[in-house]
Amino acid sequence: MWAVRPGSDYKLVCGVAYTGLPIATVISTKQDIPMLIRRKESKGYGTKKMVEGNYEEGQKCLVIEDVVVSGSSVYETVETLQELKLDARDVIVFLDREHNGVANLTAMGITVTSVVSMTELMVILQKHNCINQEIFESVSDFVAACKDTSIITRGKCLAQNGIQLMDCKLLSFESRISSTNHPLANELFKIMSTKKTNLCVAADVTTSEELISLAEKVGPHISLLKTHVDILVDFSKEKVDMLKDLAKEHNFLLLEDRKFGDIGNTVASQYSGGTFNIVNWADLITVHGIPGDGVIKGLISGVNGRHRGCVLVSEMSSLGALTSQEYIKGCSKMAENHTDFVMGFVAQSSVSNNPRFIQFTPGVQLEKSGDGLGQQYVTPRAAILERGADVIIVGRGITKADDPVTAAKKYQEEAFAAYEERVSVQ
């Protein structure tokens, strides 16, 4: 990486948090150049600085990153350094994913040099018989189809008077596609935009027949189907295959509400083994943040190249839930540390200002009420306009309705109308 640097006379290096930091550390040590650390967020204690290290105005700083996708993380780092009046215009990266990130940064006056592009990497791997032709063509097709990215700068999230918009929720689903490098978040944003639905149905049924029947009925009206396979009395691989076929036919994702919450080694086995073998069929899973980063790392270890993701349970909809503000902030930090796997939050309020993260709000019914067992309901409009929900999760309001199809269509229309109302306020 040092050999391909675009210039010379660098007085400083700065790694992009967080995976760029160890690379920058090695280069700093080997080349005897001081290093700066740019935090993702300022601390509430100590120096409270966004950038740590010794520097002088006008010094030339080389920015270092491992992989560039849209270029957003690189831009945020460059922007912060330039605000400190440092000469930060040159960037080196190891891998260019060819998702238009280099072009996006070049358009902003930033010079990016990579060691290798994704296409070049595939050629090298194929030459040494590390991948076959099928994988080569699959990756080539993926690269060709995923070039529509852009950088959401700070200015795009600011109103004309300089006040930040409502947690970037005024951005449309379509415009938020470019804010994420998570393939499933990208897919969900597209599903919601094209199908005009931000409805997730919670299929809390006890037999596979009920599950398949419900999926067939509500499939055209939903963006996700949330399952609880451990309450099925007749779980089978055959039924799961049928469910996957329906998801493909009606274009919705499968969210298994497993609420993983153990140490990494345990959740890895729960996710990719046992009776349910969840990783083989569920696009998304729910996860409690209580165990810390280990639970995410354990789950990631079982993915094995599949497009999978998780949603962190940061707030529950039940009365007396023990989710504190400290816990909610911890979930937000975990998500920022694992953007390649975490794609959002189950929450009753906005957890993050980052437009890449999707908020799923449960406990939604057309009429605000409770169930006598601690569940507290909120209307679709209130969930979206007041609580910042992107996706509403509806269970008994649809599954217990006399006509689930009519009920699903009603929730779909109300939720999407509320979303359109929210993004039109500009």
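Please indicate, with yes or no, whether at least one residue in region 369-389 is under 26 Å from Glu174 (Cα atoms), surrounded by 15 or more Cβ atoms within 10 Å (Cβ to Cβ) and modelled with pLDDT of 95 or more.
No, the conditions are met nowhere in region 369-389.
Within region 251-276, how many residues are touching a helix residue (DSSP H, G or I) at 6+ places or on another chain (Cβ under 8 Å) and either on the phi > 0 side of the Ramachandran plot or of a type in the set (Gly, Ala, Ser) (or both)?
Matching residues across region 251-276 total 5.
Among the helices (runs of 4 or more DSSP H) lying completely within region 1-113, list those that include at least 3 residues that are farther than 28 Å from Ser140 by Cα.
Correct list: 20-31, 72-83.
Tally up the residues in region 184-219 that are under 17 Å from Thr406 (Cβ atoms) and part of a helix (DSSP H, G or I), please.
7
Restricting to helices (runs of 4 or more DSSP H) lying wholly in region 231-301: which have 2 or more residues that are within 18 Å of Gly344 (Cα to Cα)?
So the answer is 293-300.
Tell me the residue from Gly261, Gly273 that is touching a Pro at 6+ places or on another chain (Cβ under 9 Å) and not acidic (Asp, Glu), please.
Gly261
Could you check region 394-420 and list, in sequence order, the residues that are out of contact with any helix residue (DSSP H, G or I) (no Cβ under 8 Å at 6 or more places or on another chain) and among the hydroxyl-bearing types (Ser, Thr, Tyr)?
The answer is Thr406, and nothing else.
The values are calculated or read from the model by the stated rules, or taken from the named source; none is laboratory data. Remember, it's a predicted structure, so these values are computed and weren't measured experimentally. Don't worry about glycine lacking a Cβ; one is built from the backbone with ideal geometry, like all the others, and counts go over all protein chains shown.
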